[in-house]
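The block underneath contains the structure these notes are about, expressed in structure tokens.
Just so it is clear, none of the values below were taken in a lab; they were calculated from the coordinates. Bear in mind that the values here come from a model prediction, so they are computed numbers and not experimental data. Every residue, glycine as well, gets a Cβ built from its backbone with ideal geometry; the counts of neighbours run over all protein chains shown.
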Amino acid sequence: MALLGRHAAIHRFGTDQFTGNVLFAVFFVLSIGLYCGLQSVIEDVFNRLSALFCHREVMAIAETPTGEKVSVTTTDVSEIQEQCSEPIPGTACVAENKGESKVVIPMNENRPFEVLEIVGDMRHIRFPDGEEAYVGIELSDDEIMIEKSYNDSRDYDAELEEAYNVYLDSMTDEERYDHKHGVTRIQKKREYDEDVGFFSSVSLQDVHKNPDGSTLIEEIEQEVYVTPDGSVYYLEDMGPICDFYEKHKDNIESHEEIMTRKQRCDEAFNELKRHEELYNLEQVSFICAYITYTMQQFMESHELDKLHNNAKIWTVNPLARFDAVQLRSNHLSKEDLKHLGYNVGKFLKLKGENIALFIKNVFAESFGTVQVGTIIAKLADRNPGKDRIPLLSAKEMNYLFEHYKRYKTINLDIIPKRLAEEEVKAKLESAKKKNRK
């Protein structure tokens with residue numbers, strides 16, 4: 001094809017000699033590549049054509065009672081099967097298609113075992129008792145039966161028990177104990193928290209100046225222990241540290257115990273703080289409600305707000321500077337104002353001088369010229385029949401507070417009822433004590 005192309009290019013199309021040679025080389029390379037690419041396809045086509053016109057070759061294998069094998073080649077499997085259908089003493093007939101799986105043709109005459117199939121150089125057989133086995137094709141029937149008799153005579157349970165006893169004898173005492181009690185041991189690597197230090201090494205240098213001017217440096221790897229906070233301890237320091245720990249370890253708390261105790265203290269403190277804050281909020285709310293209930297008819301709303309603010313500050317700082325308030329009229333006496341300060345102050349468990357300073361500063365218009373000592377001396381004075389604000393004890397204010405927490409109202413009528421209940425309880429307790437005696 002390459003030569004034809006060159007010839008046509010030179011003589012047919014009038015190209016020069018060099019161009020014709022180039023075309024020849026191109027056609028030659030393309031022809032080789034085309035042949036290599038289609039070689040497998042061409043061979044496959046020829047193989048299929050040869051298979052259509054060729055007969056399959058089958059080989060028949062006959063085995064004599066002495067174990068000798070006789071092979072016959074033919075192309076007709078049915079012919080072999082017809083020949084094998086006639087009784088041939090002590091032989092078995094097998095049809096083998098070369099290149100394909102083997103087909104077993106069973107015998108008509110009884111034999112010690114039945115050949116189910118032949119796979120490679122192995123026979124799959126079944127004995128009269130139903131047991132199946134794979135045996136080499138080169139073994140005779142007698143050899144196969146001797147092997148079966150030997151296997152049937154073996155006591156596998158005894159052999160298994162003997163092997164088990166040998167296994168137990170090879171164990172150590174610890175392994176035997178674990179086996180007897182069902183103990184399984186596994187290796188596990190311990191994991192440490194970040195609060196645990198670690199061992200490491202550092203490089204130390206010992207520099208020596210030689211007389212000839214040269215320098216000798218000795219490098220030493222020193223083992224050290226690094227604590228969680230970064231402190232470094234050399235091994236020679238660990239001895240005294242361990243001695244100190246052994247001497248005082250019963251009195252030393254571990255880091256975990258210290259942190260646990262601190263955490264519990266913080267939680268208790270926060271819980272107490274929450275309760276105190278809640279209690280203080282309820283106190284402030286009650287005091288403002290009591291002041292509103294008592295003073296709203298005698299003060300303007302903005303002055304009442306100033307009085308509320310003074311009371312809130314008073315719950316936190318008894319000695320703070322308070323803003324003076326103005327009353328709407330003179331309907332309240334000095335005793336009434338002292339009663340108001342006394343009632344709130346006793347509820348807050350404040351001393352007499354703190355109550356007197358609050359009254360003097362807040363109600364400066366009425367008490368501006370009155371000495372603190374005078375106010376203290378007359379805090380609990382009463383004007384029966386004239387007092388608009390009754391004087392209450394700390395217990396009576398607590399009765400009002402408990403009622404307010406439950407109903408969010410100020411009701412002075414509950415005080416006599418609670419006092420009567422307390423009196424009845426006291427009498428019952430006294431009667432019980434007398435009966436015991």
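If the limit is 31 Å between Cα atoms, which of LYS346/LYS386; LYS349/LYS434; LYS346/LYS425; LYS346/LYS417 go over it?
Among LYS346/LYS386; LYS349/LYS434; LYS346/LYS425; LYS346/LYS417, the Cα-Cα distance tops 31 Å for LYS349/LYS434.
Among the lysines, which have Cα under 28 Å from the Cα of LYS148 when same-chain residues fewer than 8 positions away are ignored?
Within the straight-line cut-off, LYS148 pairs with LYS69, LYS102.
Per residue, what volume in Å³ does the convex hull of the Cα atoms of region 199-249 enclose?
Hull volume normalised by residue count: 89 Å³.
In whole Hz and in residue order, list the ³J(HN,Hα) couplings for region 329-335 that follow from phi through the Karplus curve 6.51 cos²θ - 1.76 cosθ + 1.60, θ = phi - 60°; x for Gly and Pro.
Karplus values, whole Hz, x for Gly and Pro: 8, 9, 5, 9, 7, 4, 5.
Counting Lys and Arg as +1 and Asp and Glu as -1, what is the net charge of the other residues whose Cβ lies under 9 Å from the Cβ of ILE355? Each step should come with its number before you reach the end.
On the way: positive: LYS338, LYS346, LYS351; negative: GLU353.
It works out to a net charge of +2.
Quick one: compute a quarter of the convex hull surface over the Cα atoms of region 276-418 and quote it in nm².
Average projection, Cα convex hull of region 276-418: 8.4 nm².
Amide H to amide H under 5 Å from LEU116: which residues, 5+ apart in sequence or cross-chain, H placed 1.01 Å off N in plane?
HIS124, ILE125, ARG126
Of the cross-linked pairs LYS312/LYS351; LYS378/LYS433; LYS408/LYS433, which ones have a Cα-Cα span greater than 28 Å in the structure shown? Numbers along the way, then the final one.
Numbers: LYS312/LYS351 17 Å; LYS378/LYS433 40 Å; LYS408/LYS433 38 Å.
Table pairs above 28 Å Cα-Cα are LYS378/LYS433; LYS408/LYS433.
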